[in-house]
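Notes for the one structure printed next.
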Amino acid sequence: MHDLPGVRRRSVSSWPSSAGRWPLARPVWPCTISPAPGAAVREVLVVRGLLAAGGIVREVGRARSPRRPAPIRELLAELGRRPLSADLALSPDARTRQGSAVSSRRGGTGPASTADGHPVKLLLNLGATRDVAAAAAADSEGVGLLRTEFLFLDKGKAPTLSEQREAYRDVFTAFPGRRVVLRTLDAGADKPMPFLGLEAEPNPALGVRGLRIARTRPEVLATQLQAVAEAADGTRAEVWVMAPMVATAQEAAWFTTQARQYGLGVVGVMVEVPAAAVRAGQVLDAVDFASLGTNDLAQYTLAVDRMTGGLADLLDYWQPALLDLVAGTAAAGRDRGKPVGVCGEMAGDPLLALVLTGLGATSLSMAPASIADVRAALAGQTLATCEELAQLALAAPSARQARSAVASAIGG
């Protein structure tokens, strides 16, 4: 156990000063923490309650219900896997009350848009079937990231076609008339799945994960795509499917061909490898849409392993280099008339949401608790202002200065 005072300093220093912002309605409430405190917390036993450091760890950036604690193993994996903000979330009840107040006062409800009417789809990240009902009740336009790993974890063998079909159908049925973007299996690296029989790798984050698993286990992807197609049939959800860890236009084209064989009509890829962002035009020529997975894109762009807490200052979503890649990918989508969304953690930051909109993101996918604040932020600015804010961030020499410039421009 080390650097617990550092965890407390980073957490407490991030609390906004406005009165009532952090009401402690329960003894246990969700929080997200940055990689530096995450590195420390990995060395301690995480329990349901207060940590001596002053932080309360229960849920880490997942789009699951905040009323249910994550299993310890999943929590620790998340701490190492994702570059999270040092932004403490409200208790479930308090967040609901505040979100309703913010929506009614500033952002309204229903489809989100900027002050001058430019639409931005606000979608949800979803990672467990037990959260479907709560997610469906949220004021969103659907699911921007359905993680399918929940079906595969802790399995001695791959789930059957029928098991997958029924699980996906439960989700699709809950979102009639709304979009559901399903990501195919993103195993490997921090999510090892023994039934895949993958060999141990010295650097699994750069190894066989995501779509690359199909190189040796093509039947796993084939079964999943068939299950998605069969589950979508007969439901009224707008089902899209995308592949993770795509690096080249050739991989994107191959995945599109596989998905089309099962009758899936809207096929896309995650842009989380810098190579795909640099050649986004060619990648988008092969698919119908792209979704920027900025958690991994940040890690790979800055060459910072998420497990390395001492380099947390580099793993910052305001890094201009990361924003450059987002801008280039969004521009490629705009040129081709194809949507480009963001489903990483940065999409749920109200200030960054303005920048992402200005860069050309057509949708933002986030945890349900972030929807109201992002909707309100967008409603307060015109598209032209968002574009000006984006240019300020791109022109900044550092992440800190990018955020400061944008915050200052809107009086924050």
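Here, each number is a calculation from the coordinates, and none is a lab measurement. Keep in mind it's a predicted model, so treat the numbers as computed, not measured. All Cβ positions, even for glycine, are placed from backbone atoms using ideal geometry, and neighbour counts span all protein chains on display.
Amide H to amide H under 5 Å from Arg178: which residues, 5+ apart in sequence or cross-chain, H placed 1.01 Å off N in plane? Amide H to amide H, under 5 Å and 5 or more residues apart or across chains, Arg178 pairs with Glu238.
So, by mean Cβ neighbours within 10 angstrom, what's the order for 256-265, 315-324, 389-398, 338-347 with the highest one leading? Before the final figure, lay out the partial values.
Numbers: 256-265: 16.1, 315-324: 20.9, 389-398: 18.2, 338-347: 25.9.
Result, highest mean first: 338-347, 315-324, 389-398, 256-265.
Subtracting the Cα-Cα distance of Trp254 and Ala115 from 0.36 nm times their residue separation leaves 46.0 nm of extension gain. Give me log10 I(q)/I(0) at q = 0.12, 0.13, 0.15, 0.19 Å⁻¹ for the stretch 257-412, Debye formula, one equal scatterer per alpha-carbon, no solvent. Log-scaled intensity ratios, in q order: -0.50, -0.59, -0.77, -1.19. The alpha carbons of the stretch 179-286 stretch over 44, 34, 21 Å along the principal axes, in descending order.
Tell me, what is a quarter of the convex hull surface for the C-alpha atoms of the stretch 233-281, in nm² with one decimal? Please list the in-between numbers first.
On the way: hull surface 14.5 nm².
Over every viewing direction, the Cα hull of the stretch 233-281 projects on average to 3.6 nm².
Here the calculated FRET efficiency for Lys338 and Tyr262, from their Cβ-Cβ distance with R0 = 22 Å, stands at 0.55, rounded to the nearest 0.05.
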